Amino acid sequence: MKITSAEFVVSAVGPKQYPTDGLPEIALVGRSNVGKSSLLNKMMNRKGLARTSSKPGKTQTLNYFRVNNMLYFVDFPGYGYAKVAKSLKQQWGKMIENYLKQRQELRFVIQLVDIRHAPSKDDVAMYDWCKEIGIPTVVVATKGDKIARGRWLQHTKVIREQLQLRGDDALIVFSSETGQGRDELWGEIVRRLRQ
Ligand code: GDP
């Protein structure tokens, strides 16, 4: 994908701040440190636009990025940082639950998991929650460069099994270091937005 424009629009703390131009929205979710900011920057070809390693536990905002006047990436707060086990819904609060359930512009979710590890309980809960609400998911296995290519299949198999990937939900191996998976993910995005 050729990026002609990519800009940060707003850190929304509630629906009043969501854009009103009706462009399709793609939400990005994953555990803190999974590589979400790095992936966003890679997808948008903009180093540092999505800040990496924003401190978890701070204000829960939805960060909107408009790309090519075609779509918004909506960066969700990272989950899984709470010391005491809390449910996803408790970590995130009502605003985010309402966004997932009610936002008309939301087309699908990109869920990030680290290729090296089996999905966590939170990852499984997140995936199941999206299925419950009826939101399609594209799963991205991040940090692909951290394991040998010959082991990708073995690792993605575990991810598929743990999440119990459904229907035509896709799984793409990605690396922000090498750009692996970038074209494939853009291809998947464009295909789904055309549907
Ligand atoms: P976030 O908390 O999910 O936004 O994660 P970040 O994008 O800040 O990444 C967390 C850490 O993982 C940083 O040190 C990144 O440099 C590193 N990282 C992210 N993506 C990759 C990747 O594809 N390959 C490698 N080797 N490191 C990565």
Being at negative phi, modelled with pLDDT under 95 and β-branched (Val, Ile, Thr) is the requirement here; does Ile96 meet it?
yes
Regarding Lys101, is this residue within 17 Å of the chain's Cα centre (by Cα), among the basic types (Lys, Arg), modelled with pLDDT of 95 or more and away from the ligand (no atom under 14 Å from the Cβ)?
yes
Out of the residues in segment 44-65 that are within 12 Å of the ligand (Cβ to nearest atom) and surrounded by 19 or more Cβ atoms within 10 Å (Cβ to Cβ), state the one that is modelled with the lowest pLDDT.
Ala50
Boolean, Leu193 is within 15 Å of the ligand (Cβ to nearest atom), within 23 Å of Gln104 (Cα to Cα) and either in contact with a Lys or Arg (Cβ under 9 Å, 6 or more places away or on another chain) or in contact (Cβ under 8 Å) with a residue 60 or more places away in the chain (or both)
no
Search result, residues across segment 161-184 that are touching a helix residue (DSSP H, G or I) at 6+ places or on another chain (Cβ under 7 Å) and closer than 21 Å to Cys130 by Cα
Gln162, Leu163, Arg166, Ala170, Leu171, Ile172, Val173
Which of the residues belonging to segment 139-160 are over 12 Å from Leu39 (Cα atoms) and in contact with a helix residue (DSSP H, G or I) (Cβ under 7 Å, 6 or more places away or on another chain)?
Val139, Ile147, Trp152
Can you name the residue in segment 8-30 that is over 20 Å from Asn68 (Cβ atoms), surrounded by fewer than 23 Cβ atoms within 10 Å (Cβ to Cβ) and touching a residue at least 40 places away in the same chain (Cβ under 8 Å) and is also nearest to the ligand (Cβ to nearest atom) among such residues?
Ser11
Please go through segment 120-153 and give me each residue that is in contact (Cβ under 8 Å) with a residue 40 or more places away in the chain, within 17 Å of Leu185 (Cα to Cα), hydrophobic (A, V, I, L, M, F, W, C) and more than 13 Å from the ligand (Cβ to nearest atom), ordered by number.
Val138
From (1) part of a helix (DSSP H, G or I); (2) at positive phi; (3) not basic (Lys, Arg), pick out the condition that doesn't hold for Gly179.
(1)
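The values are calculated or read from the model by the stated rules, or taken from the named source; none is laboratory data. The model shown is predicted, which means the values in this text are computed figures rather than measured ones. Reconstructed Cβ throughout: ideal geometry from the backbone, glycine too, with neighbour counts over all protein chains shown.
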